[in-house]
Amino acid sequence: MAGPYYVDPAASGAADGSSWTDAWTTLQTAVDTAAAGEIIYCRGTQVLAAAIDIDQNNGTSAAPIKVIGCNASGDVDGTRFTLNGNSAAANCLSIAASKGEYWWFVNIDCTSATGAGIAFATGAGHGRIWINCIAQSCGSYGWEMYTTTSNGTVVLVGCQSLNNSGDGFYSPYYGVIYFACKSVGNSGHGFDGARVANWTIALNCVSHGNTGDGIAGVGKALVCNCVIDENGSDGIEYSGASPYIAVALANRITGNGTGGTGYGINEKNTGLVFYGWNFFLNNDGVTNGDCHAIPYHADTDTNETSGTEGYTDGDNDDFNLTSAATLRSVAIEID
Amino acid sequence: MPNARFTQPEFTNGQTVDGWNLTQLQPHTAIGEGVSGLIFRNCNLLNCDVPADAVVESCLHVHKSFCSHLHPDWVAHGLPECVENCEHVADTDEITIDGETVTINTYADEVV
């Protein structure tokens, strides 16, 4: 195993990828070179004319390939490496079918592509892990993920999709696990999930101010401890192929839908939705704006449909709760 | 982080607009008309024509023709409804079922 490799678009050394001084100036060279178990460190901003294509190499479950953004000093401190589509590249980062398996992406910012910021071609997609990555101001989806492998192999942690011209996160085939992710200000849905196959799981996420639903199109879905606020249509829309099972626990579903166009939870097909300990307020679809057409109402008495949102500064995406917030904490007994 | 897509946002002279989604439904839609000294930074300016003296920094600034077959929800926001064989047809397949041929169009938004 060789490496680690280095990428710095501002470097002016030997361009062999061996150090920050002699870093490659394009990520493309690095991703075409790296083999299983190797690490690519990158810093600065690369302006793109075309997408970075991951179409050559795979890692393994025991030895993934990692792409890690660094700060100007070359340290890993959460500073992101930027791929700037510059209103020219169709995507910032594109992953070919059955390639890019077992890759980790850490601290990467994909911005201003004319299409999706990050695009998976239709194919497997094992072991793709994304940590602290952003797709923003792109002309289509932020993240377009046509993964066709089983649930749980695409995981996003602390990632954001902001101000894109389509859905924030789009994964129409198989479910994705989102933990502490944020989808804000996109022209489509915040999270648009798998209608048919495996579970979409969203834990501790925020979906705010998107044009469509907060979380849309999901069949099997676990949505827990999320804030779903001021989206243009439903808070959560279940429309998976019937029958399905879904769970919504301890979410704050507020201010979704305008003019009677959205519900807190909208079940469009026949499923079995378990929901409890959620806080619903000011959703526009029905009288009290909470839920629509949910046949199974166990524990609905644990939900709250009046009170105070209590967000610290929701308009600026600070959804920490003040002491005035209704249902600020819940104690769920597990017998 | 305001989201002003599909609407005409209101600006003031000299305003710095940072991190907004200003996506418009149709190419070359003017925004900020009559406002001077605007600075757009880290914005999504898809389909926007900004005032001539505006400064644009680190923004998406292209024009795209959206297809209503791909974005049916946007018709309610004002996207014109496309006909079956619209300009966005990217591919066409014909399948025959019980002797009857059916044409299936694949659509794509187009950068213009």
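Condition check ((1) within 11 Å of chain A (Cβ to nearest Cβ); (2) closer than 20 Å to A:GLU230 by Cα) across all residues:
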| position | (1), (2) |
| --- | --- |
| B:GLN8 | no, yes |
| B:PHE11 | no, no |
| B:THR16 | no, no |
| B:ASN42 | yes, no |
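You will find that of A:ALA248, A:ALA325, the residue that is modelled with pLDDT of 85 or more, among the hydrophobic types (A, V, I, L, M, F, W, C) and part of a loop (DSSP other than H, G, I, E, B) is A:ALA325 and no other.
To keep it simple, each residue is scored yes or no on (1) of a type in the set (D, E, K, R); (2) at pLDDT below 95; (3) crowded, with 18+ Cβ neighbours inside 10 Å.
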{"position": "B:GLN15", "(1), (2), (3)": "no, no, no"}
{"position": "B:THR29", "(1), (2), (3)": "no, no, no"}
{"position": "B:GLY32", "(1), (2), (3)": "no, no, yes"}
{"position": "B:PHE40", "(1), (2), (3)": "no, no, yes"}
{"position": "B:LEU70", "(1), (2), (3)": "no, yes, no"}
{"position": "B:TRP74", "(1), (2), (3)": "no, yes, yes"}
{"position": "B:THR106", "(1), (2), (3)": "no, yes, no"}
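Number of residues in the stretch A:61-74 that are surrounded by fewer than 23 Cβ atoms within 10 Å (Cβ to Cβ) and under 20 Å from A:VAL157 (Cα atoms): the value is 7. Within the stretch A:139-172, being in a strand (DSSP E or B) and of a type outside the set (A, V, I, L, M, F, W, C) holds for A:GLU144, A:TYR146, A:THR147, A:GLN160, A:SER161, A:TYR170. If you go through the stretch A:145-189 and keep only what is on the phi > 0 side of the Ramachandran plot and without any contact (Cβ under 8 Å) to a residue 40 or more places away in the chain, you end up with A:GLY158, A:ASN163, A:ALA180, A:GLY185. Of the residues making up the stretch A:161-181, those that are within 14 Å of another protein chain (Cβ to nearest Cβ) and surrounded by fewer than 24 Cβ atoms within 10 Å (Cβ to Cβ) number 1. The stretch A:3-64 holds strands (runs of 3 or more DSSP E) entirely within its bounds, and those carrying 2 or more residues that are in contact with a Cys (Cβ under 8 Å, 6 or more places away or on another chain) map to A:5-7, A:39-43.
Filter the stretch A:139-160 down to the residues that are within 11 Å of chain B (Cβ to nearest Cβ) and under 14 Å from the mean Cα position of the chain (by Cα) and list them by number. Selection gives A:GLY142, A:GLN160.
The values are calculated or read from the model by the stated rules, or taken from the named source; none is laboratory data. Note that the coordinates shown come from a computational prediction; the quantities given were computed from them, not determined experimentally. Methodologically, a virtual Cβ is constructed for each residue, glycine included, from the backbone with ideal geometry; neighbour enumeration extends over all protein chains shown.
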